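The values are calculated or read from the model by the stated rules, or taken from the named source; none is laboratory data. Worth saying up front: this structure is predicted, and the values here are computed from it rather than measured. Note that each Cβ is placed from the backbone with ideal geometry, even for glycine, and that neighbours are counted across all protein chains shown. With ligands, DNA and RNA removed, areas are computed over all heavy atoms of the protein, side chains included. Shrake-Rupley method; radii C 1.70, N 1.55, O 1.52, S 1.80 Å.
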There are 2 protein chains.
Amino acid sequence: MNKYPKELNKLIKELSKLPGIGGKSAQRLAFHLIQRDEEEVERLATTMVRARRNIKKCSTCGNLTEDEICSICSDQSRERRTICVVESAKDLIAIENIKQYRGLYHVLGGVISPITGTGPDDINLKSLLNRIHDEDVEEIILATNPNVEGEATAMFISRIVAPFNIKVSRLAHGLSIGSDLEYTDEMTLLKAMQGRKEL
Amino acid sequence: MNKYPKELNKLIKELSKLPGIGGKSAQRLAFHLIQRDEEEVERLATTMVRARRNIKKCSTCGNLTEDEICSICSDQSRERRTICVVESAKDLIAIENIKQYRGLYHVLGGVISPITGTGPDDINLKSLLNRIHDEDVEEIILATNPNVEGEATAMFISRIVAPFNIKVSRLAHGLSIGSDLEYTDEMTLLKAMQGRKEL
């Protein structure tokens, strides 16, 4: 047991529950916080609680929103017949940032993974099927991550949407722009080779 | 400008003001927080504000405390004629953890550094002189860090306390236990050589 004041130990303990914050970082953060202006600490605390309270998932696509329906789903200028399926709202933002895609999204909020025990019912899949059923969807783009769970989830979705007879596509695999062949992993190189395009 | 909900962006901005938390970490933390139980987020927020409000500096030594006088200064079983001078409360804890030192402390709350513009008046030095003046002090152990600022601060203190005619010592420099001569920096090796002890 160390000799810090009780409240400081409590704060260190709470901070070390955050992801990526180990014991040492929690200690550093706690020392920083108790030395900052009281007003600033209060602002951080309030922002935290308010964000947690007011941000919810879009009832249509699962994207983060402060309203019932997110800004993308309610944007009538978007192409509504294509749904891009992503694992998280962060992935959605990554795709939005390329400013190319004009369709809608569906945020799974996870991937199917036997390791963590996440099954198809634990992610936002049923609502995707409902959307395909109820709306006039022409294409589903599977943009889950290019790793084991992401691939498995994409495969699973492609199988369950097969009966709907819509186009299902997957993001291309290949070399990263600016990367070095010499340092590219074998799997990526293999995918790049298999997906080669005629010039 | 990204497309996150406004409150989420605010939270990311507040979090990225924390030391060691870059943009990506702030984003990850924010996503984590808005997905955690509301109760847990409230507990973190309250702990933060409460710690900031209730933890102050010991009016005698500058150590962190919830009371007027810290637990070490008010512990009458400690050896009151030795004062170990440290840069921060974290250093104090590090020394307490070796369970060897039974004297008192003085926390400077910084070091003299021309680079950051921190002078002798900006750290908790005057109160150290007052203590030496008012109390029956026999030894001052200078335990500032073994770097340029720490050494300079130690030198400065040793000079200003010289008129009091008390013993002034400095923590020993040398090889870390378990370290490798091959990988030890030259300065440390030099200090270890100069400070060698006869067996």
Only bridges whose two residues both fall in the protein assembly as shown count here: according to DSSP, what percent of them are antiparallel, nearest 5? 20
Please go through region A:132-199 and write out the GluC sites (Glu not before Pro) that DSSP classes as loop and that have at most 10 other C-beta atoms within 10 Å. A:GLU198
If you average the alpha carbon positions of region A:84-112 and of region A:123-194, how far apart do those two centres end up, in angstrom? 12
Given label points at 7 Å from Cα along Cα→Cβ, what nm distances, shortest first, separate A:ILE177 from the same residue in every other copy? 5.5
With the crude spin-label approximation of a point 7 Å out along Cα→Cβ, what separation in nm comes out for A:ASP180 versus B:ALA172? 4.6
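Please report the antiparallel percentage of DSSP beta bridges with both residues in chain A, rounded to the nearest 5.
Numbers: 3 of 15 bridges.
Percent antiparallel among DSSP bridges in chain A is about 20.
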Accessible area per residue, Å², region A:6-54 with all protein chains present, probe 1.4 Å: 48
Acute angle (nearest 10 degrees) that the helix A:38-54 long axis makes with the longest principal axis of chain A, alpha-carbon atoms: 30
Identify the residue of chain A whose Cβ lies closest to the rotation axis that maps chain A onto chain B, and give that distance in whole Å. A:ALA45, 2
Shielding by partners - mean other protein chain Cβ count within 10 Å, residues of A:58-70: 2
Cα-based helix-to-principal-axis angle, B:148-161 vs chain B, degrees rounded to 10: 50
Reachable lysines from A:LYS191, criterion Cα separation under 22 angstrom, eight or more residues apart if same chain: A:LYS167
If one compares the long axis through the Cα atoms of helix B:23-35 with the longest principal axis of the Cα atoms of chain B, the angle in degrees, nearest 10, works out at 60
How high is the FRET efficiency from A:SER158 to A:GLU42, r the C-beta distance, R0 30 Å, rounded to 0.05? 0.05
To two decimal places, what compactness ratio does region B:6-54 give when its Cα radius of gyration is scaled by 2.2 N^0.38 Å? 1.17
Would you please report the Å³ per residue occupied by the convex hull of the alpha carbon atoms in chain A? 216
Identify the residues of region B:1-44 with backbone N under 15 Å of a label point that sits 7 angstrom from the Cα of B:LYS90 along the Cα-to-Cβ direction, or state none. B:18-21
Ignoring ligands and nucleic acids, what accessible area does A:THR60 show with a 1.4 Å probe (Å², nearest 10)? 40
Which three numbers, in whole Å and largest first, are the semi-axes of the equivalent ellipsoid of the protein assembly as shown derived from its Cα gyration tensor as √(5λ)? 57, 27, 17
In region B:68-104, which GluC sites (Glu not before Pro) are in a loop and have at most 15 other Cβ atoms within 10 Å, using DSSP for the loop call? B:GLU68, B:GLU79
For the interface of B with A, what's the total buried accessible surface in square angstrom, probe 1.4 angstrom, rounded to the nearest hundred? 5100
If the cut-off is a Cα-Cα distance under 17 Å, which lysines reach B:LYS99, setting aside same-chain residues fewer than 8 apart in sequence? A:LYS3, B:LYS90
Using a 1.4 Å probe on the protein heavy atoms, what percent of the accessible area of region A:6-54 belongs to carbon and sulfur? 44
Hey, for A:ARG159 with labels 7 Å out along Cα-Cβ, what do the inter-copy distances come to in nm, ordered shortest first? 7.8
I'd like the mean, over residues of A:6-19, of how many other protein chain beta carbons sit within 10 Å of each residue's own Cβ. 5
Chain B, relative contact order [Cα under 8 Å, separation at least 6], %: 13
